[in-house]
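Asks: Pasting a structure here, questions to come.
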Amino acid sequence: MIKYLKNDLPASIVVFFVALPLCLGIAVASDAPPFAGLIAGIIGGIVVGLISGSQVGVSGPAAGLAAIVLAAIASLGYEAFLVAVVLGGVIQILFGVLKLGIIGYYFPSSVIKGMLTGIGIIIILKQIPHFFGIDKDPEGNFVLFGGDNNVFMDIISIPQNLGLGSTIIAVVAMGILILWSQVLTNKHNIFKLVQGPLVAVVAGVIFFILAKDSSLDIAQSHLVQVPVPDGIDSFLGQFTLPDFSVIGSTEVWVTAFTIALVASLETLLCVEATDKLDPQKRVTPTNRELLAQGSGNILSGLIGGIPITQVIVRSSANIQSGNKTKASAIIHGFFLLISVIIIPNVLNMIPLSVLAAVLFIVGYKLAKPATFKAMWKSGWKQFLPFIVTVLIIVFKDLLWGIGIGLAIGIMVTLWHSYKNSHFLHIEGEDVDDGKVKMTLAEEVTFFNKAAILKELDSIPENSKLELDVRKTRFLDNDIIEILEDFAFKAKERNIDIKLYSERGIVENPDSFIEFFKLEKL
């Protein structure tokens, strides 16, 4: 890890500045104390980072859990909710022990790419109001439509409510970021060590100090807002302990299982996505990741933090910043810890518009126009699940988008299996001799039922069917039952069946079920 510190340290700084407002904003959006979000971010970085096998993933509080946390706190109360967080962590560890980490591998790449692109678009849309200094909603609130105040209403109101100071420093910060990444990093190694986002943030703080009490002054509501304790007692007073007297409550257990299930699913999907983004294409051990996330949630719940997942925004920022190992995630956790103890007043001088400029770059890299072009060229079977996932995530919700995108992907696969002859190969039909040759593939599953049934029903009367299963290694029971039914109908339609298998040739088998039991397919 040490030899890659020149890459991981700058990346950790970027992730720190991305994570800080998200930790606070998601806590506020969840109706939890702001400090609870910082606890989750610190533990997600240090504890989960140390245990996890991911070299690029970064964990912390996630916007996808905000609605669940909000409802749970309102229903249970905060101390009882913390018990659910702890129990949720225990359940996640159980998921890891049971090796349920493979779930994420069953999601099509088109859905994963749609998730990344949708999140990139949301990041950009959410940062537009911050960029122009008008949004007063918490950073973690991903509401795009509906309600009295949402992102699109903020965007429409930009001309009337433009924050001049925020806008100027945001444009300057964007210029610094583009100049740094496109020009300066190629000029000298010093520009690789000192990253553009850090320079942009420092410029933002200087601008805020110089513009104070002028026409370009940036309002407090448009700055990072970290809790500032008066002393050690005030700092320790921000921690909350769970009330374990409610551990027998059914509602607490239901909430715990919900947190564990959703947090695990988000984490596994993020792992799948970040592994695809990783330039070195390393593979994260998913069961170990569930153990790491569970351990983090247990500790977070014990000291008053909100739930933790691996988070795509922070993880992608980490990758785009050129990290090499998980040291960047761990260091960012220490930066969060040190900052809230030592320099909260300095952090509260950072304009949100500067952080918006940083996130613009992250969002653009996730939702590049080239991605849409590449998916379109891949054909409708790839593009349809991709674009549906993107649209539902942007206009509805992350989990809804993934779920509906997955459903579309499955339907496309079923249709493809029905239309495709890969699993059911019919060798040339000769009308003159009435002979039909049908060769089944190496693996034939229930997905192929419709196609096989259609072809068998289309065989004309007084024909000869040569059915070849010599290459078949797996034959679903559903397919065997179809063949069994066809054998019965074949006698009525005067169709002779010749079955080719590794045991030889069988004329008009009495029972396909008994035959394939002996074949052990």
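Asks: Using the Cα centre of the chain as the reference point, and only Cβ charges (+1 on K/R, -1 on D/E), how large is the resulting charge dipole? Debye, rounded to the nearest 20.
Replies: 1920
Asks: Considering Cα pairs under 8 angstrom that are at least six residues apart, work out the relative contact order of the chain and quote it in whole percent.
Replies: Computed value for the chain: 26 percent relative contact order.
Asks: For L116, what charge total do you get from the other residues with a beta carbon under 12 Å from its beta carbon, if Lys and Arg give +1 and Asp and Glu give -1?
Replies: +2
Asks: Show me the ranking of peptides 489-499, 346-356 by mean Cβ neighbours inside 10 Å, starting with the highest.
Replies: The densest-packed peptide leads the list: 346-356, 489-499.
Asks: By accessible area of protein heavy atoms, probe 1.4 Å, what ranking do H222, H188 get, highest first? Walk me through the numbers on the way to the answer.
Replies: Details: H222 20, H188 105 Å².
I get H188, H222, largest accessible area first.
Asks: Quick one: which residues, 5 or more positions from D31 or on another chain, have an amide H under 5 Å from its amide H? H modelled 1.01 Å from N in the peptide plane, none for Pro or chain starts.
Replies: For D31, whose amide H was placed from the backbone, there are no distant partners under 5 Å.
Asks: Let me ask something additional. Can you pull the semi-axes for the chain, root of five times each eigenvalue of the Cα gyration tensor, sorted largest first, whole Å?
Replies: 55, 26, 21
Asks: List, in order, the whole-Hz ³J(HN,Hα) value for each residue of the stretch 255-263 obtained from phi through the Karplus relation with A = 6.51, B = -1.76, C = 1.60 and θ = phi - 60°; use x for Gly and Pro.
Replies: 4, 4, 5, 4, 4, 4, 5, 5, 5
Asks: Just from its helices, what would the mean residue ellipticity at 222 nm be for the chain, if runs of 4 or more DSSP H residues each count -39500 (n - 2.57) and the sum is divided by every residue, rounded to the nearest 500 deg cm²/dmol?
Replies: Result for the chain: -20000 deg cm²/dmol, rounded to the nearest 500.
Asks: Once the dipole of the chain is set up with Lys and Arg at +1 and Asp and Glu at -1 on Cβ about the Cα centre, which of F131, L162, A173 lies farthest towards its positive end?
Replies: With unit charges placed on the Cβ atoms, the residue in question is A173.
Asks: Quick one: 3J(HN,Hα) in Hz for the stretch 337-353, Karplus 6.51/-1.76/1.60 with θ = phi - 60°, rounded, Gly and Pro as x.
Replies: 4, 5, 5, 6, 8, 9, 10, x, 5, 5, 4, 6, 9, 7, x, 5, 5
Asks: Sorted by average packing, counted as other Cβ atoms within 10 angstrom per residue and highest first, what order do 366-374, 316-324, 13-21 take?
Replies: For the peptides 366-374, 316-324, 13-21, the packing ranking is 13-21, 316-324, 366-374.
Asks: Still on this structure: Can you work out ³J(HN,Hα) from phi for every residue in the stretch 476-487, in order, using Karplus 6.51 cos²θ - 1.76 cosθ + 1.60 and θ = phi - 60°, giving whole Hz and x for Gly and Pro?
Replies: Per residue, the Karplus-derived 3J(HN,Hα) values read 4, 4, 4, 6, 4, 5, 4, 5, 4, 5, 5, 4 Hz.
Asks: With the alpha-carbon atoms as the only input, what is the per residue convex hull volume for the stretch 454-519 in Å³?
Replies: 81
Asks: Between helix 196-211 and the chain, what is the angle of the helix's C-alpha long axis to the longest principal axis, kept within 0 to 90° and rounded to the nearest 10?
Replies: Around 30 degrees separate the two axes.
Asks: According to the square roots a ≥ b ≥ c of the eigenvalues of the Cα gyration tensor, what is the shape class of the stretch 1-124, taking rounded for a/c under 1.5, prolate for a/b larger than b/c otherwise, and oblate for the remainder?
Replies: Rounded is the answer for the stretch 1-124, as its axis ratio a/c remains below 1.5.
Asks: Once Rh is set to the Kirkwood radius over Cα pairs, what Stokes-Einstein translational diffusion coefficient, in µm²/s, holds for the stretch 200-286 at a temperature of 4 °C and a viscosity of 1.567 mPa s?
Replies: Diffusion coefficient, whole number: 69 µm²/s.
Asks: Apply 1/(1 + (r/R0)^6) to the Cβ-Cβ distance of I505 and L241, taking R0 = 60 Å, and write down the FRET efficiency to the nearest 0.05.
Replies: That gives a FRET efficiency of 0.20.
Asks: For a Förster distance of 45 Å, can you work out the FRET efficiency between the beta-carbons of N462 and A407, rounded to the nearest 0.05?
Replies: Rounded to the nearest 0.05, the efficiency is 0.55.
Asks: Just to confirm a number: summing +1 for Lys and Arg and -1 for Asp and Glu over residues other than F81 whose beta-carbon lies under 15 angstrom from that of F81, what do you get?
Replies: Here the count lands on -4.
Asks: For the stretch 255-313, which trypsin sites (Lys or Arg not before Pro) are both in a DSSP coil and crowded by at most 16 other Cβ atoms within 10 Å?
Replies: Passing sites in the stretch 255-313 are K281, R282.
Asks: Here's another thing I want to ask about it. Of K377/K454; K435/K517; K324/K368; K281/K396; K6/K187; K113/K365, which sit over 20 Å apart, Cα to Cα?
Replies: Listed pairs above 20 Å: K377/K454; K435/K517; K324/K368; K281/K396.
Asks: Ranked highest first by the average count of other Cβ atoms within 10 Å around their residues, in what order do 470-481, 81-92, 332-343 fall?
Replies: Highest mean packing first, the order is 81-92, 332-343, 470-481.
The values are calculated or read from the model by the stated rules, or taken from the named source; none is laboratory data. From a predicted model like this one, the values you see are computed outputs, not experimental measurements. Please note: Cβ atoms are built from the backbone with ideal geometry, for glycine as well, and neighbour counts cover all protein chains shown. Heavy atoms of the whole protein, side chains included, go into the accessibility calculation; ligands, DNA and RNA do not. Shrake-Rupley method; radii C 1.70, N 1.55, O 1.52, S 1.80 Å.
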